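No value in this document is a laboratory result; all are computed from the given coordinates. Everything numeric in this text was worked out from a predicted model, so none of it was measured. Heads up, the Cβs are rebuilt from the backbone with ideal geometry, glycines too, and the neighbour counts pull from every protein chain shown.
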Amino acid sequence: MSERMRLQVTIHLSETEDETRRCLLETGKTPVGLAVDCGLSAVGMVAAHCVHLTDEDIALLKTETCTAVHCPASNLHLSCGVAPVTNMVRAGCRVALGTDGAASAATLDMFETMRLTAMLQKGLTRDPGCITAYDVLRMATVWGAQAIGLQDCGRLVPGAKADIVAVRASGPHMTPLNDPVACLVYCARPSDVDLVMIDGKMVLERGRLTIIDENEVVKEAAARARRLMHPS
């Protein structure tokens, strides 16, 4: 169906040790190896998590049609482990960033996701230079856009869509601003976002949403959550 409709596949792969163990036991292959054998890399595969990878798995993911999506907050929240992002990037794999959803990460904060990505890899490898702030920003922007087939997004260049996020850098936690990229990755918070433009349309200005009533959305979400928890 994916081949017929010319659509890539998004799938969770090698998220837990148990998943990998059972896949090996039942098929003789790792989850990544099985997915590739099933043809998912041929049609285009976005593989979420990729926590428990072998060197062979990493080699299989090194293709323009595959993207590994690192979800550090979810992986920590669910005690899945830490993905070998440094090894994947050094091997030439494309790695993007995700949250896996608020239910499994307790947040959709992409600034936290960037910071966790950098900090975890430094702790995992015991090498403070294993990954740079520029590497992490690329994962959150350019590689994330490419992962879902958007070639005209993720960069501020002529001809690209006017997708822009402006971040205030005036707070004490962003001072001194010696390296703007490092400040974005290690210091910035969602509350620092001043402006968001999507394809030229302003959706957030001066920190306030322009297309929906944020207070009404919060009230409705709270009410729906209460009904889900207490349906009677």
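The string of couplings for the stretch 116-124 from the Karplus curve (6.51, -1.76, 1.60, θ = phi - 60°) is 4, 4, 5, 5, 5, 5, 5, x, 5 Hz, one whole number per residue in order, with x for Gly and Pro.
Report the FRET efficiency, 1/(1 + (r/R0)^6), for Glu220 and Ser79, where r is their Cβ-Cβ distance and R0 is 30 Å, rounded to 0.05. The value I calculate is 0.40. Peptides 107-115, 144-152 ordered by packing proxy, namely the average of other Cβ atoms within 10 Å per residue, highest first: 107-115, 144-152. In order along the stretch 75-87, phi translates into HN-Hα couplings of 4, 6, 4, 9, 6, 7, x, 10, 5, x, 4, 4, 5 Hz, rounded to whole numbers, per the Karplus curve 6.51 cos²θ - 1.76 cosθ + 1.60 with θ = phi - 60° and x for Gly and Pro.
If neighbour count is taken as other Cβ atoms inside 10 Å, put Ser2, Ser191, Ser41 in order from fewest to most. Please report the intermediate quantities before stating the final value.
Values: Ser2 14, Ser191 10, Ser41 20.
Placing the least packed residue first, the sequence is Ser191, Ser2, Ser41.
For the chain, the longest principal axis of the C-alpha atoms and the axis of helix 214-229 are separated by about 50°. Highest mobility in the GNM of the chain, judged by mean-square fluctuation with C-alpha springs under 10 Å and restricted to Val36, Val203, Val142, is found for Val203.
Extension gain, Glu3-Leu34: 0.36 nm per intervening residue step, less the Cα-Cα distance, totals 9.4 nm. Stokes-Einstein at 4 °C, 1.567 mPa s, Kirkwood radius from Cα pairs: D for the chain in µm² s⁻¹? The calculation lands on 67 µm²/s.
State the extension gain, in nm to one decimal, for the chain segment bounded by Leu195 and Ile148, taking 0.36 nm per residue of separation less the distance between their alpha-carbons.
Numbers: separation 47, 0.36 × 47 = 16.92 nm, distance 2.37 nm.
Net length gain for the segment: 14.5 nm.
Along the stretch 35-41 the Karplus relation, 6.51 cos²θ - 1.76 cosθ + 1.60 evaluated at θ = phi - 60°, assigns HN-Hα couplings of 4, 5, 4, 7, x, 5, 6 Hz to successive residues, with x for each Gly and Pro.
The mean sequence distance of close C-alpha pairs (under 8 Å, at least 6 residues apart), as a share of the length of the stretch 4-151, puts its relative contact order at 19 percent.
Here's the picture: charge each Lys and Arg Cβ at +1 and each Asp and Glu Cβ at -1 in the stretch 162-232, and of Ala188, Ile212, Met174 the one pushed furthest to the positive end of that dipole is Ile212.
Translational diffusion coefficient of the stretch 162-232 at 10 °C, 1.306 mPa s, Stokes-Einstein with Kirkwood Rh over Cα pairs, in µm²/s as a whole number. Kindly include the intermediate steps, with their values, before the conclusion.
On the way: Rh = 14.5 Å.
Answer from the Stokes-Einstein relation: 110 µm²/s.
May I ask for the net charge around Val203, where only other residues with Cβ less than 14 Å from the Cβ of Val203 are counted and Lys, Arg are +1 while Asp, Glu are -1?
On the way: positive: Lys161, Lys201, Arg206, Arg208; negative: Asp163, Asp194, Asp199, Glu205, Asp213, Glu214.
So the surrounding residues net to -2.
Placing a label point 7 Å from the Cα of Ala102 along the Cα-to-Cβ direction, the residues of the stretch 162-192 whose backbone N falls under 19 Å of that point are 189-192.
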